[in-house]
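Notes to accompany the following structure.
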Amino acid sequence: MDRLGEGYDSPAKMELALQLCWAIGEHGGGGASHKDAARELFENLELLLYENLSSSRLGLMQEARGSDSQNYRKSSQSRLLCFVVTAIAKLATYHRELLPRARVSLGKVARSRISDVRVWKRARDYLGLMNEPAICLSVLGPSRPSRGVMQNPGTINWSEGGTKMVAHIPFYILGEQEGPPFHDFTFSDVIPRK
């Protein structure tokens, strides 16, 4: 993890860095029984995020037009930041004790408005998703919950609907709409009462 952010000069190194970030986010730092390992991985991802965030701010001060190698570096850095932001959000979903730190990290990215809009929009979307724990767990959570019943990411167990409250329409349904939805309703407005 220490040299993960140094992969910009080589496509092979960059691909390795991206795959490592993906694996960390996807497998939750070893699962619920490995909280210390998850915390250490989270801290490394956080450090990588802050280092790249500060260097991308420096890049904003430089001339907008650059050589192909500079453009490749910026593109690679943005891609890595997207993977890191996703891994941080996924780790915080698996390990709820990391959630406050993840909100701070993602909040800094969302407010930074770095050169690539995809990075700060992704951070903003994950922050919004974290405000809806049931949906967040469904979208970013593990494929196999602790009780052992298989549930694929992105699916919601509607039989548990009586115990969970969903206050907003998920961001992925709204697509590219900016801000809050133009319609404000609850599910009780749509579903008739018995």
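Of note:
- Efficiency of FRET from Cβ geometry, ARG113 and SER33, R₀ 41 Å, rounded to 0.05: 0.60
- Counting neighbouring beta carbons within 10 Å and listing from fewest to most, the residues VAL104, VAL139, VAL109 come out as VAL104, VAL139, VAL109.
- Extended-chain gain in nm, criterion 0.36 nm per residue less alpha-carbon gap, ARG96 and LEU47: 15.7 nm
Any read-out appearing in this document is the output of simple, stated calculations on the displayed coordinates, not a laboratory observation. Keep in mind it's a predicted model, so treat the numbers as computed, not measured. No Cβ is skipped: glycine too gets one built from the backbone with ideal geometry, and neighbour counts run over all protein chains shown.
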